[in-house]
Each structure stands twice: as C-alpha cells, then as structure tokens.
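For reference, the structure discussed in these notes is given below.
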2 protein chains.
Amino acid sequence: MASVKVLLIGATGETGRSIANGLLEAGGFEVYALIRPASVAKPQLLDLQKRGVIVRTCDLTAPEEELAQALAGIDVVISCVGTTDQHTQINIATAAKAAGVKRFIPCAFITICAPGGIMYLRDEKEKVYNHIKQIKLPYTIIDVGWWYQIATPRLPSGKLDYAMTLANDELIGDGTTPSAFTDLRDIGKYVARIVVDPRTENKMVFAYNTVTSPAGIFALVEKLSGEKLEPKYIPEETVHKRVAEARAFSETYPYDATKFTPRYAAEYQLSWGIRGDNVPEYAKYLGYLDAKELYPDFKPITFEEYIQELLAGTATGIYTDRISRIY
Amino acid sequence: MASVKVLLIGATGETGRSIANGLLEAGGFEVYALIRPASVAKPQLLDLQKRGVIVRTCDLTAPEEELAQALAGIDVVISCVGTTDQHTQINIATAAKAAGVKRFIPCAFITICAPGGIMYLRDEKEKVYNHIKQIKLPYTIIDVGWWYQIATPRLPSGKLDYAMTLANDELIGDGTTPSAFTDLRDIGKYVARIVVDPRTENKMVFAYNTVTSPAGIFALVEKLSGEKLEPKYIPEETVHKRVAEARAFSETYPYDATKFTPRYAAEYQLSWGIRGDNVPEYAKYLGYLDAKELYPDFKPITFEEYIQELLAGTATGIYTDRISRIY
C-alpha cells in the first residue's frame, strides 16, 4: 500500500512534534511539514528533517493559490497552528479543498467545550469548523483533554522543577471536578490511527488517556513522591472574576493577540475546572466518538507512569523555548 | 405505558399544526400547547382543543421561573416559534432544564445549511443549539427540507390558485440543483416517531420525503396538468445581488424583524438553489441521521400525489391567514 502523504502545519510546536513522532513511529506515512520561511532554521525542525520529514515552505497568510500549491499531492493536512493563528486556517482549508486534500484535521487539540461564548479559543476554532463545513471539505476534529505535562503540581523540594512550565498548584473549589487528561506524547499516537480511520471521517473524536481530578492528581503525586503538597485553594468566584477581567482586558483597543493569553487560561479554568465540560460523557453528548471505544487495544501512558518518570528525572519539559517559567 | 407529555410552542403555526396532528394521530401522547395570552382565541387553537390538546398560557418572554412552571411535568418540548422569535428559545431552554424536561426539540424545521454566515435564520438557530449544549439539555434537531406546499408552481390557467401562497415560478440557473422536499403534513408524522426514538437523542435528524429539483417539479406539473408553464429563469448573479441587498437592508437602523423576511427568502435561494446544501448527502456529512434509514417503513406522500390533490381541488393552502398572496 502506498504511503499516506500527511502534511503538518505547526510541526515544531508541542502538539505538532507529538504528531510528527506518532506518524513517524506508526509507519505508512510520508510526513511533510509546512514551514514559514522565518522558521526553517528552528532546531526542532532540523531534528524532524533528520528523521525523514520533508519541508515545504509557505507563509500561512500566503494567497490561496500559493497555499494550494504547497498542499499539492497531500492526502491529509493536520493543522496545529498556534492559539492566535486559528483564523489563518480559513484560507488554508479553502486551499486544501482546491488542492484535493482528502481529509483536513483543523487545529482542535483542546479540552471539550461547547461553542458560543464560554471559551474564546473554542469559538475561534468553531469559525474554522463552520468554514470547513460550508466548503464541504472532509474533516476530522480531534480534541485531547488536558495534558499531564501541565497538570502535575510542583513539589516543595523543587525536585520536579527541571520539567515544569507552570507551578500547577491551584485547586478550584475542592479540586474534585472530574476532567480528562492525556500524556502529550500519546496525542500523536492517537492521531496516527485516527487520520486513516474511515470511521472518523467527518466526525469529532475525543482522544484522552484517563479521567481524574486535580485533587486526585495531587493525592497521587503526594503518594508517589512522599512529599506534602500545599495546594492553593481557589474559590469559584475567583475564577469567575478572572474570566470577567481577562475578557474585558482582551477586548481593549488596540487589538493585541497576547492580551488573550490570560483569557485562555481563565476560560479553561471555567470550562473544565468549574463547569466540568472536559469529560467523556459530555463529549459523547456533543457528538464526539470516544477513542477508547475506537481503539480498545491502545495502551496509553498512565498518569502514575508519567509521575514516576518525573520523579526519576527522565521526563521532558515542554514550552521550554517559549515561556519563562512562572513559579 | 403512560402517555408521553409533549408540549408544543407555536402550535397554531403551519409546522406546529402539522406536529399537533402527527402526535394526535400517532397516539400515546398527551399534547399540550403553550399559548401566549394574546393568542388564546385563535380559531386554529380552538380546533386543537376540541381534539384534546391542553392549553397552558404563558408569554415566551416571561421570566424563567414562570416558563419553568408552564413546563412542569412535561417530558418533551417541541418549539415551532416564528422566524423572528428564535432568540426567545434561550430562556425557554433554560426553563426546560430547570423543569426537568427530558428532551427539547428546538425550532429547526428548515433546510440543510451549515452555520456561520450563509443563512441568518440558520445562525439564529445555531445560537439556540449552542445554548442547549452549554446547559447540557437533552435535545433533537429536526430539519425537514423545503415544503411541497411552497415549491409547486402556479398554473397559467389559475386552476391551482385556490391553494397557492406564492407563484413559485422562478428557476435559478437551469433549475436542476437537487434539493429535498417534504409534504408539510408528513412533518408531524416524522416528528411523532423521532421524539420518542432513543436513537435520535442528542442528534440531528433530516426528515424529508423526496429529492428532486425545481426543474423536475415543473416538468412533473406540466405532465400531470397538461398545461405549459412559463418559468422565470433567474441567473445566479441575481440571487447573489438579492442576498447582498437583503443583508444590507436588514441591518439598517432601527432594528425591525420584518426587514429580515426578504433576507430569509434570498438566503434560502442561495443555500438550496445555488449551493445545493439541502440534500441528504450533505446532511450526513454535517452529522445528521437520515429519517429514511431510521424509518424504512414510513410511507411519505409523494410529490405526484400532492400535485394530483392540487389538480383535484382538494389541497389546503398554507399561511392563508398571514400572508397576502403575492402573485
């Protein structure tokens, strides 16, 4: 069987690299990366090229015809654009349609949340989904829950700091709202199965590893580390206040994409921390297929395995090139 | 088995009466009608009451608590509010959730179209669907295609005028864009099955009778009537111009719901007449279940049967109390 030609947009980001790895490890794929001219020298890209990823250069904001050329001959486009680049996918999808792409995977890869005013980021994605549907482009939407890598709390000893981006030390309410969590590295493994699965065409899929709660994670870390954590208990009203403030701030003139970062953070807390949206039952209600049912043989990394790795000093930090550590 | 308590909103409208009839004929339902105090004397309502429909009085814009009281004990709410009342369903859905309603059927009942800027009416409905999903209320969305009753062209002899609302004499392009059509009277029969079917919970369903094209309908009418029709051929550019003008007009100050009527008409022509959205294949792509697959034993009224009725002088006109005939 001929290889499936998959082109990744945002291949050097965290989700993009997980997906590149997943595709390369699964085999059967010819993996392309669409790279802006400004990013061709990124070290993460050179690493992917060494492993066989073929680079095509094009700006995300290039004219449609140019984008369509860059997508020529591609079977599957997987978009992992950054949070503030969601709108660029409108033209990319139109170009993909023109290029005859057989399946378009828009940048979903977040927690479960209904559109219409809860999460700005979710609503930006919805505009892209609606455009895809209007141009009748075959698609799959893949959401993944919240990463282990940004859900594990810091230890008082500092022993885990080598792999921490955020302190993750807040518990909203009593911290027991259930939520789905996924090891970042498993996302690509799921995606490699989903994008060639006929059952997932024109469907939404929820691919996650486990359902627990922040309080459950804290308890597990305490048990495995032997250290006593000191969670910051945050009342729900504080989250609502953060959401209101971040919404007001993000909508101030002049427009600045970075103003939305606190809004993303606060609205995530609202959606999965308070509303409890990020669970498989709600995903099903919203029409998602459940990756656990699609792939019962898939063996995800457990949260305990990830924490053991962290404690052993062998885990890898994320966003290390982009975000200063803020604890 | 106890009767299922179904409450209809907009029971005296065309879709509402079809649904009331469908429920009453199917049996097994206790049928309620939520009626605004201003409408309790409508002759269509008295007819429904004679046939066993129980009236509950409440304004659609009443406070949520009052709406929840009006929905107390109801299993299924079916909303057929008017085109300009779509937004009232936001509070009604919230009240339905509070009242413990087991399934909410928002006012869909239109042609197939993706949300996001093609049809204003579709987008008004999308806001309601998103709200329903945010409050996690069990629902079913039922779309029905275009009615036979507004798709059949007038005869030059005037023989069909007794049952005509519009002349329906336009063919867009060559009139061959396929579209799904439904006899208004079959909608209620479909709905009576769908609302108690566990397979349709939290799903979209496309319930239609047949797929043909305006040109196909004209040919059928000519064959059965023996008269020669004189269709008005409308170029696609004319429809695009109508859409642009109607959009601009509807958005002028001050807000006036009636300004949207030409927009609804033009955008319908755009969606099903040009884009070809209103077909079962596209409905499936968008995630709809197909009522023909759900209910293979359902015997819909064929378009030919409807035209024969029209020619025999036994058909019933629609909107006769609301819209002056405009041909």
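The values are calculated or read from the model by the stated rules, or taken from the named source; none is laboratory data. Quantities reported herein were computed from a predicted structural model and do not represent experimental measurements. A quick note on method: Cβ atoms are made from the backbone with ideal geometry, for glycine too, and the neighbour counts reach across all protein chains shown. Just the protein is used for accessible areas: all its heavy atoms, side chains included, with ligands, DNA and RNA removed. Shrake-Rupley method; radii C 1.70, N 1.55, O 1.52, S 1.80 Å.
Would you mind putting A:270-276, B:140-146 in packing order, based on average other-beta-carbon counts within 10 Å, highest first? Walk me through the intermediate numbers first.
Values: A:270-276: 20.6, B:140-146: 24.1.
The most tightly packed comes first, giving B:140-146, A:270-276.
Indicate, rounded to the nearest 5 percent, the antiparallel portion of the DSSP beta bridges found entirely in chain B.
Once the DSSP bridges in chain B are tallied, antiparallel ones form about 10 percent.
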Item to check | Inter-copy spacing of A:A257 label points, which lie 7 Å from Cα along Cα→Cβ, given in nm from shortest upward | outcome: 4.2
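Would you mind getting the accessible area per residue of chain A, heavy atoms of the protein chains only, 1.4 Å probe, in Å²? Provide the component values of the computation, followed by the final result.
Details: 13640 Å² over 327 residues.
Using a 1.4 Å probe on heavy atoms only, each residue of chain A averages 42 Å².
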Checklist entry - Nm distances between the label at A:G100 and the same-position labels in the remaining copies, 7 Å along Cα→Cβ, shortest first? => result 5.9
Checklist entry - Tell me, what are the semi-axes, in whole angstrom and largest first, of the equivalent ellipsoid of the range A:238-327 as set by the roots of 5 times the Cα gyration tensor eigenvalues? => result 31, 23, 13
Checklist entry - When the dipole is taken about the Cα centre of chain B, and only Lys, Arg (+1) and Asp, Glu (-1) are charged at their Cβ, what size is it in debye, to the nearest 20? => result 580
Item to check | Amide H contacts of B:E30 (H built 1.01 Å from N, under 5 Å, at least 5 apart or other chain) | outcome: B:V4, B:K5, B:V6
Checklist entry - In a solvent-free Debye calculation with one equal scatterer on each Cα, what is log10 I(q)/I(0) for the range B:1-121 at q = 0.16 Å⁻¹, listed in the order of the q values? => result -0.74
Item to check | Peptide B:129-140 - average C-beta neighbours from other chains (10 Å radius) | outcome: 4
Checklist entry - For the range B:201-276, what is the largest minus smallest coordinate of the Cα atoms on each principal axis, given in angstrom and ordered from greatest to least? => result 49, 42, 21
Item to check | Hull volume in cubic angstrom per residue (convex hull over the Cα atoms of chain B) | outcome: 138
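Going by the alpha-carbon gyration tensor, a ≥ b ≥ c the square roots of its eigenvalues, is the protein assembly as shown rounded (a/c under 1.5) or, if a/c is not under 1.5, prolate (a/b greater than b/c) versus oblate? List each step's numbers first, then the result.
Working: a/c = 2.30, a/b = 1.62, b/c = 1.42.
Taking the square roots of the gyration eigenvalues as a ≥ b ≥ c, the protein assembly as shown is prolate.
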Checklist entry - DSSP beta bridges in the protein assembly as shown, what fraction antiparallel, as a percent rounded to 5? => result 10
Next on the checklist: Can you work out which chain B residue has the shortest Cβ-to-axis distance for the rotation that carries B onto A, and give it in Å?
Outcome noted: B:G287, 3
Checklist outcome for this item: Here the correct list, in nm and shortest first, of distances from A:E227 to the same site in the other copies, label points 7 Å along Cα→Cβ, is 8.6
Checklist entry - With heavy atoms of protein chains only and a 1.4 Å probe, what residues of the range A:284-306 have at least 50 Å² less accessible area in the full set of chains than alone? => result A:Y285
